[in-house]
């Protein structure tokens, strides 16, 4: 039984997308942009964005920011760093963009999370803490102001 060329191309594209996602997971703190990711995956930026969204439900940029926010949450819970230090530590170059995206995903500003979230996972197994503190993807976090 032989595969059609379209199926083979689709499987090659999925493998490339998986490598892009793995690179984002590994290098989230490095300067990454869709054009560079696409170039390294031998795709155009538009094609990468469309196919990534189709495969994973969000754009490469959104996925990257979610990874950065997840790491920022852990650093803020641990304490010892200012919000600005955490922003740059996770690879964001704009404190304003970082704070806005953090608030969208977590439901509170990073400074509030740092003050209130420090003890939120105390006594939890790390695997449970990771699941409980995971940012909400593909939708905004519920805001206490809207409730």
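The values are calculated or read from the model by the stated rules, or taken from the named source; none is laboratory data. Predicted model only: the values in this text are computed from it and were never measured. Glycine also receives a Cβ, built like all others from the backbone with ideal geometry; neighbour counts cover every protein chain displayed.
Name every residue in the range 75-92 that is farther than 21 Å from residue 39 by Cα and under 13 Å from the mean Cα position of the chain (by Cα), in order of residue number.
First, the residues of the range 75-92 that are farther than 21 Å from residue 39 by Cα: 75-90, 92.
Across the range 75-92, the qualifying residues are 90, 92.
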Of all the residues that make up the range 1-18, how many are at pLDDT below 90 and in a helix (DSSP H, G or I)? 9
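Take the conditions in contact (Cβ under 8 Å) with a residue 12 or more places away in the chain and crowded, with 21+ Cβ neighbours inside 10 Å and apply them to residue 77. Does it pass?
On the way: in contact (Cβ under 8 Å) with a residue 12 or more places away in the chain: yes; crowded, with 21+ Cβ neighbours inside 10 Å: no.
No; evaluated as a whole, the condition is false for this residue.
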Just give me the residues in the range 29-63 being free of Cβ contacts under 8 Å to residues at least 40 places away in the same chain, within 22 Å of residue 98 (Cα to Cα), touching a helix residue (DSSP H, G or I) at 6+ places or on another chain (Cβ under 7 Å) and in a loop (DSSP other than H, G, I, E, B), in sequence order. 59
Among the listed residues 21, 68, 77, which satisfies the condition of being touching a helix residue (DSSP H, G or I) at 6+ places or on another chain (Cβ under 8 Å), part of a helix (DSSP H, G or I) and modelled with pLDDT under 90? 77
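Inside the range 85-100, can you point out the residues that are in a helix (DSSP H, G or I) and buried (at least 17 other Cβ atoms within 10 Å of the Cβ)? First the steps, then the outcome.
Just the residues of the range 85-100 that are in a helix (DSSP H, G or I), to begin with: 85-89, 95-100.
Matches in the range 85-100: 86, 87, 98, 99.
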